[in-house]
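Asker: Let me give you the structure first, and then I'll get to my questions.
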Amino acid sequence: MKPQSKSNIYQIPCECGATNVGETKVGFHQRMIQHEKLIEQDDDNSKSEMVQHHHQKGWQCMLDTEKAFIIEDEIDRRKRRIKESIYSTVSQSINRRNEIEKLWTPLLYEVEPSIKGIISSRERNFSDKRSVQRQDGDSGTAEEEED
């Protein structure tokens with residue numbers, strides 16, 4: 001099996017329907033831990049888009065790192081940043097991102113349904129994996145004990 005890349009583009013859903021798309025080179029799980037710490041600190045002056053989102057919404061919703069998922073692996077930093085911008089634009093993400101050249105806008109919106117399909121597919125795959133991991137491993141075929 002190929003080891004999972006630490007360089008990813010990911011998405012974190014919020015209870016209110018908003019999303020946060022980001023990119024990382026430290027690994028998905030490590031980045032989620034970083035986000036969770038920032039949320040727990042709840043600094044009024046935080047530069048974290050997630051914390052700012054919570055403050056703007058009066059803490060009536062929550063970005064859920066437990067439901068976060070990897071959209072794509074990308075080891076090239078420049079490509080990863082571009083892809084983050086594309087996924088962020090299509091998802092109308094709350095995060096700051098590099099602006100996409102205006103000349104690309106018509107093409108981006110032409111392929112938007114395909115990009116949203118990719119995101120949905122990855123979200124379902126992660127959801128399915130989480131569901132399998134939550135199972136207790138009992139196959140229902142326990143061996144009978146001898147007296």
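No value in this document is a laboratory result; all are computed from the given coordinates. Note that the coordinates shown come from a computational prediction; the quantities given were computed from them, not determined experimentally. Note that each Cβ is placed from the backbone with ideal geometry, even for glycine, and that neighbours are counted across all protein chains shown.
Asker: Please enumerate the residues belonging to the stretch 19-31 that are surrounded by fewer than 18 Cβ atoms within 10 Å (Cβ to Cβ) and either within 13 Å of the chain's Cα centre (by Cα) or assigned to a helix (DSSP H, G or I) (or both).
Answerer: The first filter runs over the stretch 19-31 and keeps only residues surrounded by fewer than 18 Cβ atoms within 10 Å (Cβ to Cβ), leaving 25-27, 29-30.
Gly27, His29, Gln30 - these are the residues of the stretch 19-31 that are surrounded by fewer than 18 Cβ atoms within 10 Å (Cβ to Cβ) and either within 13 Å of the chain's Cα centre (by Cα) or assigned to a helix (DSSP H, G or I) (or both).
Asker: Within the stretch 35-56, work out how many residues are surrounded by 13 or more Cβ atoms within 10 Å (Cβ to Cβ) and over 15 Å from Asn95 (Cα atoms).
Answerer: The total comes to 1.
Asker: Tell me whether the stretch 34-48 contains one or more residues that are among the acidic types (Asp, Glu) and in contact with an Asp or Glu (Cβ under 7 Å, 6 or more places away or on another chain).
Answerer: Scanning the stretch 34-48 turns up no residue that is among the acidic types (Asp, Glu) and in contact with an Asp or Glu (Cβ under 7 Å, 6 or more places away or on another chain).
Asker: Which of the residues belonging to the stretch 57-80 are surrounded by 15 or more Cβ atoms within 10 Å (Cβ to Cβ) and either of a type in the set (Phe, Trp, Tyr) or in a helix (DSSP H, G or I) (or both)?
Answerer: Listed by number, the residues that qualify are Thr65, Lys67, Phe69, Arg80.
Asker: Of the conditions (1) in contact with a helix residue (DSSP H, G or I) (Cβ under 9 Å, 6 or more places away or on another chain); (2) free of Cβ contacts under 8 Å to residues at least 24 places away in the same chain, Gly27 satisfies every one except a single condition; which number is it?
Answerer: Status for Gly27: all satisfied but (1).
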